[in-house]
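Below is one structure, written out as structure tokens; the observations come after it.
Each value in this text was obtained by applying a stated rule to the coordinates, not by laboratory testing. Keep in mind that this is a model prediction, so the values were computed, not measured. Cβ placement follows ideal geometry from the backbone for every residue including glycine, while neighbour counts extend to all protein chains displayed.
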Amino acid sequence: MRRRSPLWAVAALTLLSAAALPAHAASYGTPTIKLSTGYLSGAVDGTGDPTVTVTVAQSGADASALTVTATRSSASGVAAPADVHVTGTGGSRTVAVTAHARGYTDLTLKVTGLGGKTATTTLHYAASPAVQHGADARYLTGASDASAAVDAGGGYVLVANDEDNTLRLYDGAASGAPVRSWDLDGALGAGKEVDIEGAARAGNTIYWTGSLGNNKDGEYKPDRNTVFTTTVSGSGAATQLAFGTAGHRLRDDLVAWDEANGDRYGFAAATAAGRAPKQVDGFNVEGLEFAPGSVTTAYVGFRAPLVPPQTGGRALIVPVTNMDQVARGTKAAVGTPIELDLGGLSVRDLRRNAQGQYLILAGSWAAEDNSAPYALYSWDGVAGHRPVKVLDLPTADAGGWESVVSVPDLTAAGARVQLITDDGAADLYGDGTEAKDLTHPEWQKSRTTWFTLN
């Protein structure tokens with residue numbers, strides 16, 4: 001019997017192996033991996049931090065057969081590859097990161113496809129430090145200088161930013177970017193920021209006011225002398241805004257009113273060239289809310305001055321009785337001023353509920369935000385009635401308490417209120433950069449926290 005050569009056997013095995021492979025194995029392409037954003041922020045001990053969506057694909061393969069992993073971190077002390085968590089199947093995955101220390105790290109994400117082919121991308125990650133009440137905190141990204149907020153219903157919040165003229169709608173229960181936003185530069189005809197600091201809602205109309213004061217260098221910027229309105233349609237995630245009207249004379253009218261009444265509050269001197277607004281005798285508006293039972297008389301709450309302008313002075317509220325017309329450019333009609341004992345603090349925000357109960361967010365007139373005291377006071381909105389402190393707020397964390405979203409029923413046990421910080425001047429990531437100067441909006445953020453009042 002004739003023996004077959006060993007070379008014949010090798011050739012036969014090769015043919016059999018080739019027959020066992022799928023016919024399209026050689027056509028697998030290089031997989032692709034794309035991020036919904038290349039930048040992400042989180043917080044040490046954060047709850048519900050923002051996430052990134054990763055889209056993967058490979059020609060010739062079902063996306064569900066692909067795997068996504070983190071393979072490298074440039075600063076494992078901030079977040080290591082093991083701290084990157086990938087969930088989901090198919091072509092879209094969700095990536096979350098657990099932070100261990102403040103700082104930055106570049107995380108390498110790798111997709112592995114069929115045929116052993118791979119591709120990588122980089123996620124630039126920044127972690128801010130742990131904060132008090134962290135379990136009740138969420139982070140609103142895309143801007144860092146939250147300065148006024150209005151409840152949009154269904155847990156959603158409309159937030160103004162004092163460094164631009166954009167209003168943003170957020171899911172107030174989740175960390176992340178705005179659901180939608182409205183850039184009002186064109187509608188306002190503004191060359192600079194209005195420095196939005198206060199907001200009040202009457203029906204479907206929201207009134208927004210600039211700070212009315214000079215800038216921090218003592219320069220008058222006309223755009224800050226603005227009161228404008230937006231009209232709301234829908235609610236919750238479906239909220240939409242349309243620009244209404246604007247007026248640009250409230251500052252001038254308040255100064256003229258004060259001068260006509262004996263220069264009691266020193267508004268003329270406080271608005272003079274060279275005068276910074278955040279002084280004990282300065283001129284700076286930060287609160288706006290309607291008087292009890294009214295949709296035309298608005299309480300304008302001042303961060304500065306105190307009355308008298310010294311340590312322990314009282315907070316100042318000036319009623320404007322025709323705010324609906326002021327927002328159309330009409331001269332302001334000013335009522336009797338209200339002076340409140342807030343323990344030497346001034347008005348940082350003012351909010352009323354449907355029962356006529358008010359919460360005043362009180363803070364220092366000074367610019368040092370994260371170390372000065374803050375407190376919440378309840379009030380009935382009646383001049384001459386004393387506000388009552390209901391809560392001292394935590395300090396020392398980044399940012400200053402700036403906005404009250406809405407007022408719960410203050411008589412209900414366990415009532416909770418949602419506050420928002422302005423983090424614009426905060427060094428969130430330990431590199432000496434103020435949040436407002438960060439180059440990536442995903443790293444800019446303000447913090448919203450729920451507090452139990454009683």
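Report, to the nearest 10°, how far helix 6-20 tilts away from the longest principal axis of the Cα atoms in the chain, using its own Cα long axis and a range of 0 to 90°.
So the helix axis and the longest Cα principal axis differ by about 30 degrees.
Mind jotting down the distance between the C-alpha centroids of the range 174-237 and the range 63-132, whole Å?
Rounded to whole Å, the Cα centres lie 37 Å apart.
Given a Förster radius of 45 Å and the C-beta distance between Ala366 and Thr55 as r, what FRET efficiency does 1/(1 + (r/R0)^6) yield to the nearest 0.05?
For R0 = 45 Å, the calculated efficiency reads 0.40.
In whole Å, what three semi-axes, largest first, describe the equivalent ellipsoid of the range 238-371 built from its Cα gyration tensor (square root of 5 times each eigenvalue)?
23, 19, 15
Could the peptides 43-52, 220-229, 84-93, 344-353 be put in order, highest first, of the mean number of other beta-carbon atoms found within 10 Å of their residues?
Ranking the peptides 43-52, 220-229, 84-93, 344-353 by packing returns 344-353, 220-229, 43-52, 84-93.
Determine one quarter of the surface area of the Cα convex hull of the chain, which equals its mean projected area, and express it in nm² to one decimal.
That works out to 27.6 nm², a quarter of the Cα hull's surface.
Could you pull out which residues in the range 190-228 have an amide N less than 20 Å from a spot 7 Å beyond the Cα of Thr330, following the Cα-Cβ vector?
200-210, 226-228
Out of Gly91, Ala63, Gly103, whose Cα points farthest toward the positive end of the dipole of the range 52-166 (charges: +1 Lys, Arg; -1 Asp, Glu; placed on Cβ)?
So the residue we want is Ala63.
Mind sorting Val417, Val111 by how few other Cβ atoms lie within 10 Å of their own Cβ, fewest first?
By the 10 Å Cβ count, ascending, the order reads Val417, Val111.
Once every DSSP H run of n ≥ 4 in the chain is given -39500 (n - 2.57) and the sum is divided by its residues, what mean residue ellipticity at 222 nm do you get, rounded to the nearest 500 deg cm²/dmol?
Value at 222 nm, helices only, nearest 500: -2000 deg cm²/dmol.
Multiply the residue gap between Ala412 and Ala272 by 0.36 nm, knock off their C-alpha separation, and tell me the result in nm, one decimal place.
Gain in length upon complete extension: 45.8 nm.
State to the nearest 20 debye the size of the charge dipole of the range 134-452 about its Cα centre, where the only charges are +1 on K and R beta carbons and -1 on D and E beta carbons.
Dipole of the range 134-452, to the nearest 20 debye: 820 debye.
Do you know the relative contact order of the chain, to the nearest whole percent, from alpha carbon pairs under 8 angstrom that are 6+ apart?
Once divided by the residue count of the chain, the mean separation gives 12 percent.
Under a point-charge model restricted to the Cβ atoms of Lys and Arg (+1) and Asp and Glu (-1), what is the dipole moment magnitude of the range 25-128 relative to its Cα centre, in debye to the nearest 20?
Dipole of the range 25-128, to the nearest 20 debye: 240 debye.
Dipole of the range 302-427 (Lys/Arg Cβ +1, Asp/Glu Cβ -1, origin at the Cα centre): which of Gly312, Leu359, Thr330 lies farthest to the positive side?
Thr330
Give the long-range amide H neighbours of Gly198: residues separated by 5 or more places, or on another chain, with amide H under 5 Å away, using H modelled in the peptide plane at 1.01 Å from N.
Thr209
Place +1 on the Cβ of every Lys and Arg and -1 on the Cβ of every Asp and Glu in the range 118-199, take the dipole about the Cα centre, and give the residue among Gly189, Pro178, Thr122 whose Cα lies farthest towards its positive end.
Thr122
If I model a spin label at His100 and Asn261 as a point 7 Å from the Cα along the Cα→Cβ vector, what separation in nanometres do I get?
Spacing of the two 7 Å Cα→Cβ label points: 6.0 nm.
In nm, what is the difference between 0.36 nm times the number of residues separating Thr37 and Asp217 and their Cα-Cα distance?
Stretched out fully, the Thr37 to Asp217 stretch lengthens by 61.2 nm.
Cα centroid distance between the range 297-322 and the range 350-422, in Å?
The two parts, judged by their Cα centres, are 15 Å apart.
Taking R0 as 56 Å, what's the FRET efficiency between Ala238 and Gln310 from their Cβ-Cβ distance, rounded to 0.05?
0.70
Using Cα pairs closer than 8 Å and at least 6 residues apart in sequence, work out the relative contact order for the range 230-326, in percent.
Averaging sequence separation for qualifying contacts and normalising by length gives 17 percent for the range 230-326.
What angle do you read, to the nearest 10 degrees and between 0 and 90, between the alpha-carbon axis of helix 250-260 and the longest principal axis of the chain?
It works out to around 20 degrees.
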